[in-house]
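The next block holds one structure in the form of structure tokens; read it before the comments.
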Amino acid sequence: METQISLVQQRVTGWRHFVLSLQHFIAMFGATVLVPLLTGLDPLVALFTAGAGTLLFHATTSGIVPVFLGSSFAFIAPVLLVKEKFNDLSYATGGIFVAGLVYLLFALVVWALGVEKVNKLFPPVVTGPMIIVIGLTLSPVAIQMASTNWSIAIAVIITVILVSAFLKGFWSLIPVLTGVVVGYIIALISGQVDISPLQQTAWLSLPKFILPKFDWAAVTIIAPVSIATFMEHIGDITTNGAVVGKNFFKHPGLHRTLIGDGLATSLAGLLGGPANTTYSENTGVLALTKVYDPRVLRGAAFLAMVVAFVSKFGALLRTIPSCVIGGISLILFGMIASVGIRTLVNAKVDFSKAKNLLVASLILTIGIGGASLKIGPVELKGLSLAAIVGILANLLIVERKEE
């Protein structure tokens with residue numbers, strides 16, 4: 001694994017580095033700008049804080065974890081609630097700033113416990129189903145986007161398959177970007193592309209940065225969401241490590257990835273952007289291309305910061321039809337779920353044992369089924385609730401000894 005990664009990294013230079021970074025940028029773009037569009041925040045600020053937050057994360061984690069941080073969907077509901085209550089998004093960004101600081105408390109707890117105790121909470125029978133849940137819970141979003149035009153979505157999927165399976169050299173490393181380009185051309189020829197945003201947008205513009213305001217009521221609405229995203233962070237870092245073949249819990253350490261995520265979120269709140277989180281879309285690109293060089297992700301972060309000021313390029317990306325992104329997402333999210341299965345296979349988890357069956361089944365059904373549990377202002381659902389239930393089940397269920 002290490003040799004393969006090293007060989008790939010030696011090829012990632014010059015224009016190849018730019019193209020691979022562009023591929024990661026396109027993979028995260030849609031979701032990152034969607035969150036501010038839904039909440040009323042500025043999409044250009046979201047792009048800038050996503051890029052700056054990613055660079056801050058890499059600096060905190062010694063630059064060895066190949067992740068990209070984009071807008072978190074978990075904070076949409078509380079941000080809208082604060083917006084309605086105060087009629088001022090500055091109070092929401094103040095809550096986001098404090099939510100990032102909560103991550104630092106989690107990092108302190110993880111550091112105090114030690115990596116050995118943390119790893120005991122996440123054996124393969126827990127992490128494997130968690131990774132599967134990440135991929136499968138995202139799949140309905142991909143289906144919804146692809147269903148706007150299945151013909152184009154299928155053409156994108158076929159392109160990605162053909163590039164991955166039959167092309168060699170550098171082309172084999174950019175199946176996602178190739179699929180997007182082919183799908184966009186087909187959509188353009190068939191009249192499925194609305195170019196009006198491109199025509200109406202100026203070349204350059206300044207992101208609408210806003211300073212945070214603080215109110216205890218707003219903070220108590222938004223900051224507790226960090227409890228749920230803490231579990232999502234663990235799942236994302238576990239998935240990323242499984243794809244790359246490294247234990248990031250041990251090095252650079254889960255406490256440092258939490259610090260990086262928290263600082264990125266606080267930076268976003270300080271500048272008026274949505275909370276940040278590690279992106280599964282980019283982990284899917286890693287799994288598909290097997291290019292694990294963190295410098296490529298930092299290149300994508302730099303692109304995001306530049307595009308935040310070059311609004312014409314951002315408008316061009318917004319003209320990409322949802323069916324094109326849906327076709328790409330179907331593959332990327334499926335790749336993540338497949339990594340979860342691979343984790344179980346590589347660890348040789350014995351499903352003839354009742355305990356393993358129970359733990360895995362609880363994580364899968366709760367995570368994919370959409371179960372939720374609300375405790376005061378905190379709502380645990382999806383992966384966060386499934387992970388907590390899985391950890392507790394693994395600790396509490398006694399394995400029956402063989403006679």
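The values are calculated or read from the model by the stated rules, or taken from the named source; none is laboratory data. Remember, it's a predicted structure, so these values are computed and weren't measured experimentally. Positions of Cβ are backbone-derived with ideal geometry, glycine not excepted, and every protein chain shown enters the neighbour counts.
See the values below:
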{"read-out": "Subset tally (residues that are of a type in the set (Phe, Trp, Tyr), over 24 Å from the mean Cα position of the chain (by Cα) and modelled with pLDDT of 95 or more) for the range 77-121", "value": "1"}
{"read-out": "Of the criteria (1) more than 23 Å from ALA337 (Cβ to Cβ); (2) touching a strand residue (DSSP E or B) at 6+ places or on another chain (Cβ under 9 Å); (3) modelled with pLDDT of 90 or more, which one VAL225 fails", "value": "(3)"}
{"read-out": "Selected residue (criterion: farthest from the chain's Cα centre (by Cα)) from residues of the range 177-197 that are surrounded by 15 or more Cβ atoms within 10 Å (Cβ to Cβ) and among the polar types (S, T, N, Q)", "value": "GLN192"}
{"read-out": "Residue within the range 249-258 that is closer than 22 Å to SER71 by Cβ and touching a Gly at 6+ places or on another chain (Cβ under 9 Å) present", "value": "no"}
{"read-out": "Residues of the range 163-183 satisfying the condition of being of a type outside the set (Val, Ile, Thr), at pLDDT below 95 and either part of a helix (DSSP H, G or I) or touching a Lys or Arg at 6+ places or on another chain (Cβ under 8 Å) (or both)", "value": "SER164, ALA165, PHE166, GLY169, PHE170, TRP171, SER172, LEU173, PRO175, LEU177, GLY179"}
{"read-out": "Helices (runs of 4 or more DSSP H) within the range 245-357 that include 3 or more residues crowded, with 24+ Cβ neighbours inside 10 Å and free of Cβ contacts under 8 Å to residues at least 60 places away in the same chain", "value": "none"}
{"read-out": "Test: ALA107 is over 27 Å from THR201 (Cα atoms), in contact with a Lys or Arg (Cβ under 7 Å, 6 or more places away or on another chain) and in contact (Cβ under 8 Å) with a residue 24 or more places away in the chain", "value": "no"}
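This table checks each residue for (1) in contact with a strand residue (DSSP E or B) (Cβ under 7 Å, 6 or more places away or on another chain); (2) touching a residue at least 40 places away in the same chain (Cβ under 8 Å); (3) under 30 Å from GLY370 (Cα atoms).
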{"residue": "VAL125", "(1), (2), (3)": "no, yes, yes"}
{"residue": "ILE132", "(1), (2), (3)": "no, yes, yes"}
{"residue": "GLY135", "(1), (2), (3)": "no, yes, yes"}
{"residue": "LEU173", "(1), (2), (3)": "no, yes, no"}
{"residue": "LEU177", "(1), (2), (3)": "no, yes, no"}
{"residue": "VAL181", "(1), (2), (3)": "no, no, no"}
{"residue": "SER190", "(1), (2), (3)": "no, no, no"}
{"residue": "ASP194", "(1), (2), (3)": "no, yes, no"}
